[in-house]
Amino acid sequence: MKITIYSLLAMLLAMSISCENTFKTGNEYAEYLNQTPDLKSQLEDALFWTNKINETPNQHPYYVKRANVYSSLFDLTAKIEYLKLAEADLNQAVELTQNREPGYLRSLASNYISQHRFKEALTLLEDAENIGDGLLATQKMLFDVHLELGNYSLAEKQLDAIRNDGGFDYFIRVAKWEDHKGNLDNAIFNMEKATKIAESSNLSSLKYWSYTNLADFYGHAGEIEKSYNHYLKALELKPEDAYAKKGIAWILYSHENKVSDANDIIDHCLSYYKSPDLYLLKAEISEYSGNAVEKETALNQYKLLTKDDNYGDMYNAYDIAIFIDEVKQPEVALEIAKIEVANRPTPMAYDLLAWSYYNLGETEKAIAIIDDKVYGKTFEPLALLHMAKIYKNVNRAEIVQEMKKELLASSYELGPVTTSKIKTL
């Protein structure tokens, strides 16, 4: 049989997963399920800087200080209003300094990145680049934004520009780049390098970031035990961290079929961390359990939360899936997909556009987009699943079977509900 990149990746992933699927979690995470963030100090800091601003409203550093507090509150609670408050303060600081302070431009760009406003972030970073101060920091962020926008040649150019830095920030970006190219082993190798640097620095924030990202990569590779242990390492540093807890919940659900335990973790996280995607995970687990009422409740909570205009386009990809799979309104999904492509013309965005057209019955349009913009340009399992379904419709059997092998090897990452759909290809 002809060996292609898809079948080779599938074989490598399958070998990795076969070594890991005997692992079972313990209850080491249980001690963290009574840990929630104490917001008192952050709220006191916000009030302190508010009073300072009221006394001297033209002091731009005060706005940046308060923005940092609001950003921290967003990280702890996922409440979108804190991210928007930080944006307002950073905009004020940029205005007061007449767009001449690169550090402020980078901070506002970072806020926009969190909101998926990548083109606006790029404009700010280009302004910062033209000023020149702190150029290395700007180049690192330019790599991030170009990668998010699908400007891959420009992203690679920025990666080359920071190569001599050779530190933590460089290796995490090499890891991102290798992951984008579908080289998961190389992504892990470079993320492990970054983690060693973080550990040697003994900076808690760098170690936490390294552990959660490395845990994600290990999960993609099917190395479940390593993934689980690194989420635990992250929780040792930040016992209230909802992201690591969500990662463990996914392991319990997707790897071990411990639905009740996974739900307990999600409910605990939702008690203080109001992130819409947690409701979607709850909905998926409910679907797997056959609990239609609980699934509908979770989806309604997601919709209610994301009705807030402050979210902007942050949840477009999720909304497209809901309008296609749940609401059965692919025409609405198509309009959202067009917005997503305009915002960030990546292979993943084009996949969503093609998938929307396909579900409207416009298979020829879907095929044309897949052939031109998606096939061979992304290795994300969900995009591969969409491509396989579309190609199956036009009898490209060889490609479909190659993709099916890789998708089955990615069953942990996709979860039991999606895996059941793969088996029908």
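The values are calculated or read from the model by the stated rules, or taken from the named source; none is laboratory data. Treat the numbers as computed from the prediction; the structure is a model and nothing was measured. Cβ sites come from the backbone with ideal geometry, for glycine too, and all protein chains shown count toward neighbours. Each accessible area value is taken on the protein alone, full model and side chains, heavy atoms only, with ligands, DNA and RNA left out. Shrake-Rupley method; radii C 1.70, N 1.55, O 1.52, S 1.80 Å.
Some notes on this structure:
- The mean sequence distance of close C-alpha pairs (under 8 Å, at least 6 residues apart), as a share of the length of the range 155-242, puts its relative contact order at 20 percent.
- Projected over every direction and averaged, the convex hull enclosing the alpha-carbon atoms of the range 321-425 yields 6.1 nm².
- Surface composition of the chain: carbon plus sulfur atoms hold 49% of the accessible area, using a 1.4 angstrom probe and ignoring ligands, DNA and RNA.
- Its Cα gyration tensor gives the range 68-119 an equivalent ellipsoid. The semi-axes, each the square root of 5 times an eigenvalue, are 19, 12, 8 Å from largest down.
- Burial ranking of peptide ranges 323-330, 65-72, 367-374 (average Cβ count within 10 Å, highest at the top): 65-72, 367-374, 323-330
- When you work out D = kT/(6 pi eta Rh) for the range 177-323 at 20 °C and 1.002 mPa s, using the Kirkwood radius from C-alpha pairs as Rh and the Stokes-Einstein form, the result is 129 µm²/s.
- Across the chain, Cα pairs under 8 Å and at least six residues apart give a relative contact order of 15 percent.
- Which labelled figure in (1) 22.0, 75; (2) 22.8, 84; (3) 21.4, 68 is Rg and Dmax of the Cα atoms in Å, once derived from the coordinates: (1)
- Which of Lys421, Lys157 is most accessible, then next, and so on - probe 1.4 Å: Lys157, Lys421
- Candidate residues Thr306, Thr138: accessible-area rank, largest first, probe 1.4 Å: Thr306, Thr138
- The Lys40 and Ser201 beta-carbon pair, evaluated with R₀ = 25 Å, returns a calculated FRET efficiency of approximately 0.30.
- Excluding ligands, DNA and RNA, the accessible surface per residue across the range 294-425 is 46 Å² with a 1.4 Å probe.
- Ranked by the mean number of other Cβ atoms within 10 Å per residue, highest first, peptides 121-130, 158-167 order as 121-130, 158-167.
- For the range 181-296, with +1 on Lys and Arg beta carbons and -1 on Asp and Glu, the positive-most of Leu235, Ala262, Gly290 along the dipole: Leu235
- Crossing angle, helix 381-393 versus the chain [Cα axis fit, 0-90 degrees, rounded to tens]: 40 degrees
- Cβ-placed point charges (K, R +1; D, E -1), dipole of the range 356-425 about Cα centre in debye, nearest 20: 200 debye
- Phi-based couplings in Hz for the range 170-182 (Karplus 6.51, -1.76, 1.60; Gly and Pro marked x): 5, 5, 5, 6, 4, 4, 4, 5, 5, 5, 4, 7, x
- Once the Cα-Cα distance is subtracted from the 0.36 nm per residue extended length, the Asp277 to Thr97 segment shows a gain of 61.1 nm.
- Placing His220, His255 in order of accessible area, with the largest value first and a 1.4 Å probe, yields His220, His255.
- With helices as the sole contributors, the chain gives -23000 deg cm²/dmol at 222 nm; each DSSP H run of n ≥ 4 counts as -39500 (n - 2.57), and the sum is divided by every residue.
- Shape of the range 263-370, Cα gyration tensor, a/c cut at 1.5: prolate
- Solvent-accessible surface (1.4 Å probe) assigned to Lys274 amounts to roughly 70 Å².
- The alpha carbon centroids of the range 67-139 and the range 42-60 are separated by 18 Å.
- The range 239-379, dipole about Cα centre (Lys/Arg Cβ +1, Asp/Glu Cβ -1), debye to the nearest 20: 140 debye
- Surface/4 of the Cα convex hull for the range 64-189, nm²: 8.1 nm²
- Per residue, the accessible area of the range 138-185 comes to 41 Å² when a 1.4 Å probe rolls over the protein heavy atoms.
- Furthest towards positive pole of dipole, Trp177, Phe118, Asn190, structure part the range 86-211, Cβ charges: Asn190
- Alpha carbon Rg of the range 345-405, scaled by the compact-globule rule 2.2 N^0.38 Å: 0.97
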